[in-house]
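Novice: Dumping the structure here so I can ask a few things about it.
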Amino acid sequence: MRAALPAQKDGPRINQEIRVREVQLIDHEGANRGVTPTNEAIALAQAAGLDLVEISPNTVPPVCKILDYGKFKYQAQKKAAEARKKQKTVEVKEIKLRPGIDIHDYEVKMRSMRRFFEEGDKVKVTLRFRGREMAHQDLGYKLLDRVKEDTASIARVEVSPLSEGRQIVMILAPR
């Protein structure tokens, strides 16, 4: 039977968790103290009432800084939350058309398509056939070519028209 491995800690190592002989030390005022023995760096941190935090573990020797670890973790959380807030997920909106669509209905669909592109979303154009309309698939391809031409200035074709059973699908992405 083997002993259980210690749980991996997420985040930087602090104080006694730093197991190297010497570190590149940056003190609490931001001044570079140079290469310092680890136990001496920990003593300096404790004298200042702060923690020794490993900032860059992959360098030789690792870079450590004397700072308040609780404050450091809080700042990192705030930075991550801000990054998540600014991140935008690209959604795929769907526009459904029929081969015999009227001019006004087509214009309404195009307006909503333009709005989707302005918001940065992709648009999946689905052209559905019913009954005997399947015999006139060329009308459907002409309609999708018209959509392609009308959106050429604001969108590019990501997936060209593909026939899937009783429908033709095309995906457009904003430029």
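All of the numbers you see were taken from the coordinates with simple rules; none came from a lab. Small disclaimer: the values here were computed from a predicted structure and weren't measured. Methodologically, a virtual Cβ is constructed for each residue, glycine included, from the backbone with ideal geometry; neighbour enumeration extends over all protein chains shown.
Novice: Step through the residues of the range 105-117 one at a time and calculate ³J(HN,Hα) from phi using the Karplus curve (6.51 cos²θ - 1.76 cosθ + 1.60, θ = phi - 60°), rounding each to whole Hz and writing x for Gly and Pro.
Specialist: Per residue, the Karplus-derived 3J(HN,Hα) values read 4, 4, 5, 5, 4, 5, 4, 5, 5, 4, 4, 4, 5 Hz.
Novice: Each residue of the range 16-25 in order: what ³J(HN,Hα) in whole Hz does its phi give by Karplus 6.51 cos²θ - 1.76 cosθ + 1.60, θ = phi - 60°, with x for Gly and Pro?
Specialist: 5, 6, 7, 10, 10, 6, 9, 10, 7, 9
Novice: For a label point 7 Å from the Cα of residue 163 along Cα→C-beta, name the residues of the range 101-135 whose backbone N is under 17 Å from it.
Specialist: 126-135
Novice: Which value, in debye to the nearest 20, describes the size of the charge dipole of the chain about its Cα centre when Lys and Arg Cβ atoms bear +1, Asp and Glu Cβ atoms bear -1, and nothing else is charged?
Specialist: Numbers: 33 positive and 25 negative charges, 117 e Å.
That gives the chain a dipole magnitude of about 560 debye.
Novice: Could I ask something else about it? Which far-off residues, 5 or more places away or on another chain, put their amide H under 5 Å from the one on residue 95, with H placed in the peptide plane?
Specialist: 124, 125, 126
Novice: Under 22 Å from the Cα of residue 78, which lysines turn up, not counting those fewer than eight places away in the same chain?
Specialist: Candidates past the 8-residue exclusion: 9, 65, 86, 88.
Novice: Tell me, what is the FRET efficiency for residue 55 and residue 81 to the nearest 0.05, using R0 = 30 angstrom and their Cβ-Cβ distance as r?
Specialist: FRET efficiency, residue 55 to residue 81: 0.90.
Novice: If Rh is defined by the Kirkwood formula over all Cα pairs and Rg also comes from Cα, what ratio Rg/Rh do you get for the range 79-175?
Specialist: The Rg/Rh ratio comes out at 1.08.
Novice: Ok, one more. Using θ = phi - 60° and the Karplus curve 6.51 cos²θ - 1.76 cosθ + 1.60, what whole-Hz ³J(HN,Hα) does each residue of the range 120-133 get, with Gly and Pro shown as x?
Specialist: So the J values, rounded to whole Hz, are x, 9, 8, 10, 9, 9, 10, 10, 9, 9, 10, x, 7, 4.
Novice: Putting +1 on Lys and Arg Cβ atoms and -1 on Asp and Glu Cβ atoms, find which of 144, 87, 18 reaches farthest to the positive end of the dipole of the range 1-155.
Specialist: With unit charges placed on the Cβ atoms, the residue in question is 144.
Novice: Over the range 42-144, what is the relative contact order in whole percent, taking alpha-carbon pairs under 8 Å and six or more residues apart?
Specialist: Reported as a whole number, the value is 21 percent.
Novice: With Cα extents along the principal axes in Å as the read-out, I listed [x] 82, 34, 28; [y] 70, 50, 31; [z] 84, 48, 25; which label goes with the value calculated from this structure?
Specialist: Among [x] 82, 34, 28; [y] 70, 50, 31; [z] 84, 48, 25, the one calculated here is [z].
Novice: If amide H atoms are built 1.01 Å from N in the plane of the peptide, which residues on other chains or at least 5 residues away come under 5 Å of the amide H of residue 55?
Specialist: 63, 64, 65
Novice: How about the range 47-142: which GluC sites (Glu not before Pro) there lie in a loop by DSSP and see at most 15 other Cβ atoms within 10 Å?
Specialist: For GluC sites (Glu not before Pro) across the range 47-142 that sit outside H, G, I, E and B with at most 15 neighbouring Cβ atoms in 10 Å, the list reads 91, 119.
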